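Asker: Please see the structure below; I have some questions.
Throughout, read-outs are computed from the coordinates displayed, never taken from laboratory work. Just so it is clear, the structure is predicted and the values come from calculations on it, not from any experiment. Cβ placement follows ideal geometry from the backbone for every residue including glycine, while neighbour counts extend to all protein chains displayed.
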Amino acid sequence: MPRVLAIDYGKKRTGIAVTDEMQIIASGLTTIPSETAIAFLKDYFSKEKVEKVLIGEPKQMDYTPSESTEVIEAFVEKFKKSFPYLSIERVDERFTSKMALQTMIDSGLKKKQRQNKALIDEISATIMLQDYLSKKK
């Protein structure tokens, strides 16, 4: 069974999470500089079967687009051109960063470790993916 991959795209960093082959468990894969995202994904897709990609959709509390929407929409267009054969699903990413930070606190990470924004992005992508898997069942 192919994997599902989640992307938490940001202006500077992009968090990536992926399921296992049975699509049961979501795990953080990595955080990369955003400008390298397409190249990283080309390499990843050449090695792993992926059937669907979730891309975070940033929204304000009132469901209006956030200030980073323009940057993410540009990435989505590049993604579609680079990988026209892949199914994309946009998912609400509100609160994922706060949930990621709380997860880090709950797991006992020290304050210095919790300031690692790359780890927050990776955990955020994992939360989006786990939420998707939970709703799918």
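Asker: In segment 21-81, which chymotrypsin sites (Phe, Trp or Tyr not before Pro) fall in coil by DSSP and have 11 or fewer other Cβ atoms within 10 Å?
Answerer: The qualifying sites are Tyr63.
Asker: Follow-up. Which three extents, in angstrom, do the Cα atoms of segment 3-136 have along their principal axes, listed largest first?
Answerer: 41, 34, 29
Asker: Okay, moving on. Which percent, nearest 5, of DSSP beta bridges in the chain are antiparallel?
Answerer: 55
Asker: While we're on this one: Provide the net charge surrounding Thr14, with neighbours chosen by a C-beta distance below 10 Å and charges set as Lys +1, Arg +1, Asp -1, Glu -1. Walk me through the numbers on the way to the answer.
Answerer: Details: positive: Lys11, Lys12, Arg13; negative: Asp8, Glu35, Asp121, Glu122.
Computed value for this residue: -1.
Asker: What is the fewest-to-most order of Ser68, Ser134 by other Cβ atoms lying within 10 Å of their Cβ?
Answerer: Values: Ser68 14, Ser134 9.
If I rank by nearby Cβ atoms, fewest first, I get Ser134, Ser68.
Asker: For Leu86, Leu41, Leu129, what ranking results if the residue with the fewest other Cβ atoms within 10 Å of its Cβ goes first?
Answerer: In increasing order of surrounding Cβ atoms, one gets Leu86, Leu41, Leu129.
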